[in-house]
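Some notes on the structure that comes next.
Only the coordinates and a few stated rules stand behind these numbers; no lab work does. Please read these numbers as outputs of a predicted model, since none were measured by experiment. Neighbour counts are summed over all protein chains in view; Cβ atoms, including those assigned to glycine, are modelled from backbone coordinates with ideal geometry.
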């Protein structure tokens, strides 16, 4: 019958391009839609082939010479007798981009199936040059995006570790407020590490098909990533709750709430992720669990939306409370200055409160892909650096403590040098 026909490189290039284009039009997992579509078509065709083989084995008499049902990587060709031909149309998924009424035909010859005539890329009205150019442009865009957010997360991790070290080393900075900041910094560190781990597991090998990857390490990486994202949002919520508590309690009774904050920041995400893992294992245990098309994705998304909108309401309420206190005639000048500092902090922390996520929170996953990627990957990767900068490096209390210890260290060094010089002189 001759060897099976292999789809030319044009078809493989076409599949790659369509995978990228579907980011704009598919509600299912965008970068895997094309691959999964053809895998489903292949499975259906192989099932027909198995059924025909079983029928032939049970019938006994030799079959008429001809070409058997065959999958060529794009279409399924049903069995035909020798000398006849079969025609198929372009795959249905290609009609999303350009409707083509042309038919692709293959003849059954003595040496097996002939090559498709006309070729797929001609019949389906897709030009090689445009495919190549668009594919390279899309590939370059995503490579640039990955470089940007990798640099962002690396910068953020360095700044966050330094900030945690500063808060931990100086005893005068040990307080409830800075304890919450340290947990908040840790959630950003966890998120940055999780992104880098996920990339190394899913995309370490360019030839690996992450759409069908279904290993324990892959699922563990995705689970860790989902937990870190949830923890980050909920410690963001804790920062908002804490700021509101400061205003409501007039800066008293802070310590009693610390365990509630820890329970919200780490406990709620852990409970949510455990529920999601059990749900996926029981009802949707396929692939690498990185698809957002399943209804079970709402087990993760709903708590994130809740945290975002509660934080948004807290932000509005804190702004209202600060405005009332600043303009109140009963507040002393010293307290007004304190409230003014809180107001500046609140206005600076708008992106940290997750307010900018509200614009994308209720949109479907496939809409606004370009700005969503920019906000969530590129700008989001530098968010940890911004947090460390505002909460630690630009904090007046931190700067004063560092200057004080630096002055003590300089005095100690000068004293040691003077003692050494004196000893040498007397000797």
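Brief remarks follow.
- Once the C-beta distance of residue 284 and residue 154 is scaled by a Förster radius of 35 Å, the resulting FRET efficiency is 0.55 to the nearest 0.05.
- Look at where the Cα atoms of segment 263-306 and of segment 171-187 average out, and the two centres are 28 Å apart.
- Maximal additional length on extending the residue 259-residue 411 stretch stands at 50.7 nm, based on 0.36 nm per residue less the C-alpha distance.
- Burial ordering of 214, 381, fewest other beta-carbon atoms within 10 Å first: 214, 381
- Computed from label points 7 Å out along Cα-Cβ, the spacing between residue 249 and residue 89 is 6.8 nm.
- Ordering 219, 301, 408 by the number of other Cβ atoms within 10 Å of each residue's own Cβ, fewest first, gives 408, 301, 219.
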